[in-house]
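What follows is calculated from the coordinates using simple rules that are stated; it is not laboratory data. From a predicted model like this one, the values you see are computed outputs, not experimental measurements. Positions of Cβ are backbone-derived with ideal geometry, glycine not excepted, and every protein chain shown enters the neighbour counts.
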Amino acid sequence: MQIIKLDATESTNTYLKELSVKMNLEDFTVITTRNQTSGRGQFNSKWESEEGKNIAISILKNNIELPINKIFLMSICVSLAILDSLKQMGIPNLSIKWPNDILSGDFKIGGILIENMISGSKINRSIIGFGLNVNQQEFKYAPNAASMKKIVGQSFDLESVFTSLIENLHLQLGKSILSLENELYAQYHSQLFKIGEQCKFKTQDKKMITGIIEGVSISGKLRLKLENGNLQEFGLKEIQLQY
């Protein structure tokens, strides 16, 4: 494992991606920074982060060899590893909001962005990005955001949090993902935010629909039981949970 610590960078994912093009990096190369100035989330959203208050990590995972249709297993593994770390640190009421937000109660404290490199019909390598709100107190542009400190009322040592995350991610991603597929989905569903509950969603064309969250498909689509009783699957950019 190689760990590269930066004082500042626009995006750890972008930095790692560009570095991997320039040189041959070993498996589980980690980039982290005290100040991520233009962090990215899903749908090109910006990640709000104060310097020296939070954690931004990107990890290069080589030799994955996952079939493209099972790409979501990477997100599941990463989410579960992060939850394990946060539970060990005493963060309460944890869950995963589809597709890849980490919540404590109704508040978002972390987000995952995975960028995959495909070779043939398989995922060969992934850059796994994760941002965690640790000690930040104010969030101007994200009303549903909070931090570990705001949730539990105490500050956390960033180095200890970083070490715990890296150890759990290394452990989880070192397992045979395909052979554990059913177990991983069961664990993911047990932690899925609002599963079994009726929720409102905004569609891509700004319409509102209501449905009960039934789970996530093998391909990573959200399965909803709609008001008419039909079961329908929605992709990452097709609906957004309103809560």
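Under 17 Å from the Cα of Lys221, which lysines turn up, not counting those fewer than eight places away in the same chain?
Lys70, Lys97, Lys194, Lys200, Lys202, Lys237
Percent of Cα-Cα pairs more than 21 Å apart in the stretch 140-243, please. Kindly include the intermediate steps, with their values, before the conclusion.
Working: 2970 of 5356 pairs.
More than 21 Å apart: 55 percent of the Cα pairs in the stretch 140-243.
Restricting things to Cα coordinates, could you compute the convex hull volume per residue of the chain in Å³? Before the final figure, lay out each step's value.
Working: hull volume 31.1 nm³, N = 243.
Spread over its residues, the Cα hull of the chain gives 128 Å³ apiece.
Which of the listed residues, Gln242, Ile212, Gln198, is farthest toward the dipole's positive end in the stretch 198-242, when Lys, Arg count +1 and Asp, Glu count -1 at the beta-carbon?
Farthest along the dipole direction, towards plus: Gln242.
Using alpha carbons only, what's the Rg to Rh ratio of the stretch 1-130 with Rh from Kirkwood? Don't jump to the answer; show the numbers that get you there.
On the way: Rg = 14.7 Å, Rh = 15.4 Å.
That ratio is 0.96, to two decimals.
Under 14 Å from the Cβ of Ile71, count the other residues' Cβ atoms, weight Lys and Arg +1, Asp and Glu -1, and hand me the total.
Values: positive: Lys61, Lys70, Lys122, Arg125, Lys221; negative: Glu65, Glu115, Glu181.
That sum, taken over residues with Cβ under 14 Å, equals +2.
Mean-square fluctuation check for the chain, GNM, Cα pairs under 10 Å: which of Ser104, Ser176, Ser190 is largest?
Among Ser104, Ser176, Ser190, the largest mean-square fluctuation in the Gaussian network model of the chain belongs to Ser176.
Cut-off is 10 Å between beta-carbons; in what order do Tyr188, Tyr243 appear when sorted fewest neighbours first? Before the final figure, lay out each step's value.
Working: Tyr188 22, Tyr243 13.
Placing the least packed residue first, the sequence is Tyr243, Tyr188.
Amide H to amide H, which residues 5 or more places from Trp98 or on other chains are under 5 Å from it, using H placed in the peptide plane?
Excluding prolines and chain starts, which carry no amide H, the hits are Phe193.
For Glu233, what charge total do you get from the other residues with a beta carbon under 12 Å from its beta carbon, if Lys and Arg give +1 and Asp and Glu give -1? It would help to have the intermediate numbers written out before the result.
On the way: positive: Lys221, Arg223, Lys225; negative: Glu214, Glu238.
Local net charge: +1.
Rank by packing, highest mean first: peptides 10-21, 51-62, 150-161, with packing defined as the count of other Cβ atoms within 10 Å averaged across residues.
Numbers: 10-21: 17.8, 51-62: 21.2, 150-161: 13.5.
Taking the mean over residues of other Cβ atoms within 10 Å, the ranking is 51-62, 10-21, 150-161.
Please work out the C-alpha center-to-center distance from the stretch 162-231 to the stretch 96-119 and express it in whole Å.
Computed from Cα coordinates, the inter-centre distance equals 10 Å.
With viscosity set to 0.890 mPa s at 25 °C, what whole-number translational diffusion coefficient in µm²/s follows for the stretch 198-242 from Stokes-Einstein and a Kirkwood radius over Cα pairs? If you can, show how the numbers build up before the last one.
On the way: Rh = 10.4 Å.
Translational D for this selection: 236 µm²/s.
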